[in-house]
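Undergrad: Dropping the structure in here first, questions after.
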Amino acid sequence: MERIKVGVVGVGWIAQVVHLPILQKLPDAELVALCDKDKGRLRLVAEKMGVRRTYTDVGEMLANENLGAVIVCTSTDAHKEAALVCLEAGKDILVEKPIARTYAEAAAIVEAAHAAKRKVMVGMNHRFRPDTMIMKSFIEGKELGKIFYTKAGWLRKRPNDSAWITQRDKSGGGVFIDQGIVMLDMAFWMMGYPDVKRVSAVQFSHTTRQVEDTAIVTIAMKNGSVMNIEVSWSVVVTDDVYYCDIYGTEGAASLQPFRIFKELHGSTVNLAPAKLEAPHNIFKRSYENELRHFLGAVRDVHPLISPADEALHRMRIVEAVYKAMRTGKEVTL
């Protein structure tokens, strides 16, 4: 099977730590070109990864390389421009989360994807964790009954190592658009995408100036179910706190620790596998699974999971969350 020639746009932290090392090991991918506006960083990363073809302009890379797919790992403010150039060139793309800073930017990408009839996947790697995939299979099998309440959280002592993440003009927001959108996407995926009725949210900025560093969000659905999300870059914790708890009429499930509870013969039984990989390995595995899935979708082996259309739906909710934060009032969708 001929390998898919892949180009990567943006060689910052997430590309260096995750995408580039994994791409070099995947048997059905060939990493042929890198693109970044920072010439110094581009040169250093290319030398480290052994990639000979480098560019500072996306259009030039697409014109000179016969690429089968492109991965966009730039800061969020550059997602729209890079995606539109790639789609105009007829390329399938994987865009790191979030798809864009705003609903309008996301809508432009989706419209371009439909016009070009190309695939756009948004990098929601948490859907591809081994534990979340098992949990999702139990939910789809109706093992937990009707899902009526989900709570998810990701509490960290500080943001990631990218300085731009706290600059509103580049990121589009703070901890909610960074970490909250991950938990929002995963919870909606688990719950089966119920329609949103109303959103309320509270924000704090203890350690940041332009964006929120803590957010607590409640989302009420039209079917009566409820979702709570809490995310932070500034809480005082010894270790990061990450969880997603799902409650149904016939069972419950949770991540970290991974458990699936059901009542069987008058007793509460944990149906989750006894052993799973360590959290660090789960993180790495999620990106491996995500990239394998993207390349498989490019080959038309299977339908695309986490397409841009779903990301657009999430961005509508994200904008409602930020409106609720700004106004201090509940927002109805």
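Undergrad: Could you list all residues from the stretch 94-108 that are within 20 Å of GLY173 (Cβ to Cβ), surrounded by 24 or more Cβ atoms within 10 Å (Cβ to Cβ) and not small (Gly, Ala, Ser)?
TA: Passing the criteria: VAL95, PRO98, ILE99.
Undergrad: Taking the stretch 52-63 only, how many residues are open to solvent by less than 10 Å² (accessible area, probe 1.4 Å) and part of a loop (DSSP other than H, G, I, E, B)?
TA: Here the count works out to 0.
Undergrad: Shifting gears a bit: When you go through (1) in a helix (DSSP H, G or I); (2) over 24 Å from the mean Cα position of the chain (by Cα) one by one for ASN66, which number turns out not to apply?
TA: The number of the failed condition is (1).
Undergrad: Moving on. Would you mind stating whether HIS79 is touching a strand residue (DSSP E or B) at 6+ places or on another chain (Cβ under 8 Å) and either open to solvent by 30 Å² or more (accessible area, probe 1.4 Å) or of a type outside the set (Asp, Glu) (or both)?
TA: yes
Undergrad: Among what's in the stretch 1-46 and is assigned to a loop (DSSP other than H, G, I, E, B) and touching a strand residue (DSSP E or B) at 6+ places or on another chain (Cβ under 8 Å), pick the residue that is surrounded by the fewest Cβ atoms within 10 Å (Cβ to Cβ). Full working, then the answer.
TA: As a first pass, look at the stretch 1-46 and keep what is assigned to a loop (DSSP other than H, G, I, E, B): 1-3, 10-12, 26-28, 36-38.
From what is left, the residues that are touching a strand residue (DSSP E or B) at 6+ places or on another chain (Cβ under 8 Å) are 3, 10-11, 28, 36.
Numbers: ARG3: 14, GLY10: 25, VAL11: 26, ASP28: 16, ASP36: 23.
That would be ARG3.
Residues checked against (1) at positive phi; (2) buried (at least 17 other Cβ atoms within 10 Å of the Cβ); (3) of a type in the set (S, T, N, Q); (4) at pLDDT 95 or above:
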| position | (1), (2), (3), (4) |
| --- | --- |
| PHE258 | no, yes, no, no |
| LYS275 | no, no, no, no |
| ASN281 | no, no, yes, no |
| VAL301 | no, no, no, yes |
| VAL318 | no, yes, no, yes |
| ARG326 | no, no, no, yes |
| LYS329 | no, no, no, yes |
| THR332 | no, no, yes, yes |
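Undergrad: Please go through the stretch 145-194 and give me each residue that is surrounded by fewer than 19 Cβ atoms within 10 Å (Cβ to Cβ), in a loop (DSSP other than H, G, I, E, B), in contact (Cβ under 8 Å) with a residue 40 or more places away in the chain and not hydroxyl-bearing (Ser, Thr, Tyr), ordered by number.
TA: GLY145, LYS146, LYS157, ARG158, ASN160, ASP161, GLN167, GLY192 - these are the residues of the stretch 145-194 that are surrounded by fewer than 19 Cβ atoms within 10 Å (Cβ to Cβ), in a loop (DSSP other than H, G, I, E, B), in contact (Cβ under 8 Å) with a residue 40 or more places away in the chain and not hydroxyl-bearing (Ser, Thr, Tyr).
Undergrad: Evaluate the stretch 137-145: report whether one residue or more is out of contact with any His (no Cβ under 8 Å at 6 or more places or on another chain), closer than 20 Å to TYR287 by Cα and modelled with pLDDT of 95 or more.
TA: Checked the stretch 137-145: at least one residue is out of contact with any His (no Cβ under 8 Å at 6 or more places or on another chain), closer than 20 Å to TYR287 by Cα and modelled with pLDDT of 95 or more.
Undergrad: Scan (1) exposed (fewer than 14 other Cβ atoms within 10 Å of the Cβ); (2) within 18 Å of MET133 (Cβ to Cβ); (3) among the small types (Gly, Ala, Ser) for the single condition GLY266 breaks and write down its number.
TA: That leaves (2) as the condition not met.
Undergrad: In this structure, does LEU87 turn out to be closer than 21 Å to PHE294 by Cα, in a helix (DSSP H, G or I), in contact (Cβ under 8 Å) with a residue 60 or more places away in the chain and open to solvent by less than 10 Å² (accessible area, probe 1.4 Å)?
TA: No: the conditions fail for LEU87.
Undergrad: If we scan the stretch 56-65, do we find a residue that is touching a helix residue (DSSP H, G or I) at 6+ places or on another chain (Cβ under 9 Å), of a type outside the set (A, V, I, L, M, F, W, C), under 20 Å from LYS119 (Cβ atoms) and in contact (Cβ under 8 Å) with a residue 60 or more places away in the chain?
TA: No: the stretch 56-65 contains no residue that is touching a helix residue (DSSP H, G or I) at 6+ places or on another chain (Cβ under 9 Å), of a type outside the set (A, V, I, L, M, F, W, C), under 20 Å from LYS119 (Cβ atoms) and in contact (Cβ under 8 Å) with a residue 60 or more places away in the chain.
Undergrad: Scan (1) open to solvent by less than 80 Å² (accessible area, probe 1.4 Å); (2) in contact with a strand residue (DSSP E or B) (Cβ under 8 Å, 6 or more places away or on another chain) for the single condition LYS197 breaks and write down its number.
TA: (1) is the only condition that LYS197 fails.
Undergrad: Let me ask you something else. Restricting attention to the stretch 117-135, and to residues there that are open to solvent by 20 Å² or more (accessible area, probe 1.4 Å) and farther than 15 Å from ARG285 by Cβ, which single residue is farthest from the chain's Cα centre (by Cα)?
TA: Per the stated criteria, the residue is LYS117.
Undergrad: Can I ask one more? Considering only residues that are open to solvent by less than 10 Å² (accessible area, probe 1.4 Å), of a type in the set (A, V, I, L, M, F, W, C) and in contact (Cβ under 8 Å) with a residue 40 or more places away in the chain, which ones fall in the stretch 204-252?
TA: Passing the criteria: VAL211, ALA215, VAL217, ILE219, MET227, ILE229, VAL231, TRP233, CYS244, ILE246.
The values are calculated or read from the model by the stated rules, or taken from the named source; none is laboratory data. Only a predicted model underlies this, so the values are computations on that prediction, with no experimental measurement involved. Note: ideal-geometry Cβ built from the backbone for every residue, glycine included; neighbour counts use all protein chains shown. The accessibility values were calculated without ligands, DNA or RNA, using every heavy atom of the protein model including side chains. Shrake-Rupley method; radii C 1.70, N 1.55, O 1.52, S 1.80 Å.
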